[in-house]
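Where a number appears in this text, it was derived from the coordinates with a stated rule and is not lab data. Just so it is clear, the structure is predicted and the values come from calculations on it, not from any experiment. Note that each Cβ is placed from the backbone with ideal geometry, even for glycine, and that neighbours are counted across all protein chains shown.
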Amino acid sequence: MTMDSNIRDIQNATAEFLEDVDVSQSTIGAFFSKLGEKIDVPAPITDKGTTSKDLAAVVNDDLLCQSSVTSEHKPNDSGKKVSKRVMRRNRKRQEDAPAQGNDNPPPTISAISQQSRFHSETLETLSKDIDLKQVNISVNDQQLLVDAHLRLKEDVHYGLVGPNGAGKSVLMKCLGENLLIGLPQNITILHVDQLETQQGVTVMDEILSADTESVQIMKEYELINKVIQASEPSTKEDDIQRAVHQLLVDRSSAHLEDLQAIAIKRSGARGWDARNELVDAEAKHMDLVAKNPRDYITPDIVNDTMSDVLTKASLMDREIQIAKASKILTGLGFSNEQLVMKSSVFSGGWRMRIALAKALFVEPNILLLDEPTNHLDLPAILWLREYIICNTSDITVVIVSHDREFLNSVTTETIIFKDKQLKYHVGNFEDYEKNTEEQRIRKQRMLDNQEKKKKQILSSIQNDIQRAKSSGDDKRLGQVASRTKKLDRLGMQKTEDGKRYKVSYRAGFHLKSHVDIVVDQKIKTNAINIPDPTPLRSSGPFLSVERMSFKYEPNGPLVVRNVTFCLEPCSRIVLLGPNGSGKSTILDLITGKLQPTTGVIQSHPLLRIGYFAQHVVDTLNGDLTPVELIKQKDISLSEQDCYAHLGSVGMGAYGTKPIKHLSGGQRSRVVLALITMDQPQVLILDEITNHLDMGTVDILVQALDAYTGSLILVSHDIWFLKQLVESEFDDDVDEDKRMGKTLKTHVYDITSGQFKPWLKSLDAYVSQTLKNVKRGMKNTV
């Protein structure tokens, strides 16, 4: 055994102890530097990396253990199964960290899963499946998943459903950022949830940069090519040596990051070997950084390195990559002119398209889409639907979306995030709802029959006991014992898959021989009650628009032209059309935010309109509370009245919570409370479902169905529109409240500013739009 290996063994054995007793990193490094000139404790290469000494804080030497990791640069003090040593160390780091003066520090995410005995998840395998057991995820001590089973099969399209706040987005973040131990290293995962774009980069370059491997190859090629073309003959050899040296250092850094990712996820003997390999690599990297290129870069090294770089660059077909990126961007609605525009100038909706295009361009093994349809119009949603169905058959896709039509069309299996567990259903969300309702009805019927049978048995037992006491007949007591055993056998008589139940199916000790019948309850969603409007004693329409046109600039083009319609009492109007067609402009004209260039808008003098603008949720003052926002609108209201009105939209418990701490769905409820304060006769709702989960959308549909005023709706959620336009009126609504008015529905199609009535069904509109989308997809092939 060499002196270097002895010192390395001492370093591995004592690093954790020295850190636990608060010995600084510099002191540890100085100690080992003196002990052996070639052994040092280098700093991490990158901010994301972790050196071999830090690994001892997060690995356990058991062969089968629970391991946890946290998000980058976030101390893990929330996991239940994290050791006291790690918690003590994290507290110490937090105390030593300087105050940042931020009232809202980033949340701490703790992701825990069960490691396999031989750490197979850190090895590359042919399988693209994910099968993690005992998954625990918490955010700031709030548990989201407890001992759950995460299972993703290769090439399956999943719909991930659950109420707002359950933790769906956090689970996707843990998968996308590789925070969860147990993820196979050969699987590439992309998570679409960020709207940030690079500054000063065109849309096309933004998409091409998503392929990090190709970017690295081009970076190396440009480095070598720049030196060859720019260097003077006298200094060319030195410049090439320095360039090759820099290239080798960069490759060594990338190799170190890979070793760190493997070592931090291994324990026991394999963990020991991985950490030794990491220490060796760190030492070699430091030696490489310290070397002079002139002393070790030989002509053979230069030739081999340059040949490798040029070969990889020649195998890349840049034209094919550009054509592929153009096809995706065109499908998402980008024009050829927009492809060369800076990505930073686009709005949130277009940035979502850019983020989505990057994910579709890379074609990962697993694609995670978190509310991808939120900022897309109907043509883009249909294009995305067709792209996922036709072009991602070899990709595992997990989608979180409130758009039922979209979810049902692209998913084949459903993951239910409920009660801190993950349950799986073979079939789309519509099939899951139907099956769940059938199971609920069946189990409720079984439970009712069981209760009836239980009462009969208990009554019979009481009668037998009384008869035994009065007659002294011991045989009666035997019948009591027999019937008591029958009570113990009450419960599920068949398994979920229809097989006859056997006691052997239940392992371990149980108080009863059979499983109790449990009827799954629907997820409770806070109710929404919209106040009835103040009646207007008038037989005419609420509002009429005659040949209205508008343009933003005097010399500019008309944004909308020749708009004519009437809004009558108890009517519903739907505006359809792609983004940028002028729908929001028409709504701004109706509400008086804009004045028409030509045409006339007439309305009842006492008409009140509640306007839910498309981006109004993002404009709320985050420092104010819902109660303060309501008082701002009407200072005469008491605090009790404010709470009562917030309670009508299910926000009574959040009256004093700052807006910035509320979710998107909760903020939408607050805005709904604000626009219904004065009991408007007309509600204008522009993309109100963007931040709502499915349960809340259901509740909103019921509230709007019972609303006796008029509605103007703009939405790309076709299911939502169908429920309010093509469904029957709620029979429970008193006809007197509707003042004898009958339902009148009108659907208008707005394309390129042209305002035309749509006389067919919404499904027909979707079919026509889909035909245009497919025609466009063929043209971009």
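Relative contact order for region 439-489: what percent, with Cα pairs under 8 Å and sequence separation of 6 or more? It rounds to 30 percent for region 439-489.
Test of the criteria: in region 335-440, which chymotrypsin sites (Phe, Trp or Tyr not before Pro) are in a DSSP loop and have at most 10 other Cβ atoms within 10 angstrom of their Cβ?
Values: sites: PHE346, TRP350, PHE361, TRP383, TYR387, PHE406, PHE417, TYR424, PHE429, TYR432; in loops: PHE346.
Within region 335-440, no chymotrypsin sites (Phe, Trp or Tyr not before Pro) qualify (loop, at most 10 other Cβ atoms within 10 Å).
Spin-label pair ASP250-SER482: with each label point 7 Å from Cα along the Cα-Cβ axis, the two points sit 8.7 nm from one another.
Estimated from the Cβ-Cβ distance and a Förster radius of 30 angstrom, the FRET efficiency linking ALA283 and GLU237 is about 0.55. Would you kindly calculate the translational diffusion coefficient of region 605-657, applying Stokes-Einstein with the Kirkwood radius from alpha carbon pairs, for 37 °C and a viscosity of 0.692 mPa s, and quote it in µm² s⁻¹ without decimals? D = 267 µm²/s.
Holding the Cα-Cα limit at 18 Å, pick out from LYS342/LYS660; LYS133/LYS423; LYS454/LYS485; LYS593/LYS744; LYS153/LYS418; LYS153/LYS423 the pairs that are longer than that. Present the calculation step by step, with values, prior to reporting the outcome.
Working: LYS342/LYS660 30 Å; LYS133/LYS423 13 Å; LYS454/LYS485 12 Å; LYS593/LYS744 26 Å; LYS153/LYS418 20 Å; LYS153/LYS423 14 Å.
Among LYS342/LYS660; LYS133/LYS423; LYS454/LYS485; LYS593/LYS744; LYS153/LYS418; LYS153/LYS423, the Cα-Cα distance tops 18 Å for LYS342/LYS660; LYS593/LYS744; LYS153/LYS418.
Just want the ordering: ILE457, ILE630, from fewest to most Cβ atoms lying within 10 Å of their own Cβ.
Working: ILE457 14, ILE630 23.
So the residues, fewest neighbours to most, are ILE457, ILE630.
Net charge in the neighbourhood of SER252 (other residues with Cβ under 13 Å of its Cβ; Lys, Arg +1, Asp, Glu -1) is -3. The fraction of all Cα pairs in region 663-708 landing in successive 10 Å bins from 0 to the largest distance is 24, 61, 14, given as whole percents.
Taking the Cβ of ALA281 as the center, what net charge do the other residues with Cβ under 11 Å away carry, scoring Lys and Arg +1 and Asp and Glu -1?
Numbers: positive: ARG275, LYS284; negative: GLU257, ASP258, GLU277, ASP280, GLU282, ASP287.
Residues close to ALA281 contribute a combined charge of -4.
Give, in nm to one decimal, the length gained when the segment between LEU624 and LEU606 is fully stretched (0.36 nm per residue of separation minus the Cα-Cα distance). Show your work: numbers first, answer last.
On the way: separation 18, 0.36 × 18 = 6.48 nm, distance 3.07 nm.
Separation in residues times 0.36 nm, less the Cα-Cα distance, equals 3.4 nm.
For region 543-614, the spread of Cα positions along the three principal axes, ordered from largest to smallest, is 37, 24, 18 Å. In region 301-420 the Cα-Cα distances spread across 5 Å bins starting at 0 as 2, 9, 17, 19, 16, 12, 9, 6, 5, 3, 2, 0, 0 percent of all pairs. Farthest toward the dipole's positive end in region 439-489, which of ILE441, ILE465, VAL480, given Cβ charges of +1 (Lys, Arg) and -1 (Asp, Glu) about the Cα centre? Positive-most Cα among the choices belongs to ILE441. Taking every C-alpha pair closer than 8 Å and separated by at least 6 residues, the mean separation divided by the residue count of region 212-318 gives a relative contact order of 38 percent.
How many percent of the alpha carbon pairs in region 586-677 exceed a separation of 24 Å?
Values: 1230 of 4186 pairs.
The share of Cα pairs beyond 24 Å in region 586-677 comes to 29 percent.
The loop-placed trypsin sites (Lys or Arg not before Pro) in region 272-336, going by DSSP, that have at most 14 neighbouring Cβ atoms within 10 Å of their Cβ come out as LYS291. Projecting label points 7 angstrom from Cα along Cα→Cβ for ASP147 and LYS418 puts them 2.0 nm apart. Find out how many positive minus negative residues lie around THR585, taking Lys and Arg as positive, Asp and Glu as negative, among other residues whose Cβ is under 14 Å from that of THR585. Its environment carries a net charge of +1. Taking region 212-318 as the region of interest, the number of lysine pairs whose Cα atoms are within less than 30 Å, with members eight or more places apart or on different chains, is 14. Placing a label point 7 Å from the Cα of LYS475 along the Cα-to-Cβ direction, the residues of region 426-469 whose backbone N falls under 17 Å from that point are 464-469. Volume of the convex hull of region 439-489 (Cα atoms only), normalised per residue: 48 Å³.
What's the magnitude of the charge dipole for region 449-493 around its Cα centre, counting Lys and Arg as +1 and Asp and Glu as -1 at the beta-carbon? Answer in Debye, nearest 20. Walk me through the numbers before you get to the answer.
Working: 12 positive and 5 negative charges, 31 e Å.
It comes to approximately 160 debye.
Kirkwood Rh over Cα pairs of region 212-318 into Stokes-Einstein at 20 °C, 1.002 mPa s: D in µm²/s?
Working: Rh = 15.5 Å.
Rounded, D is 138 µm²/s.
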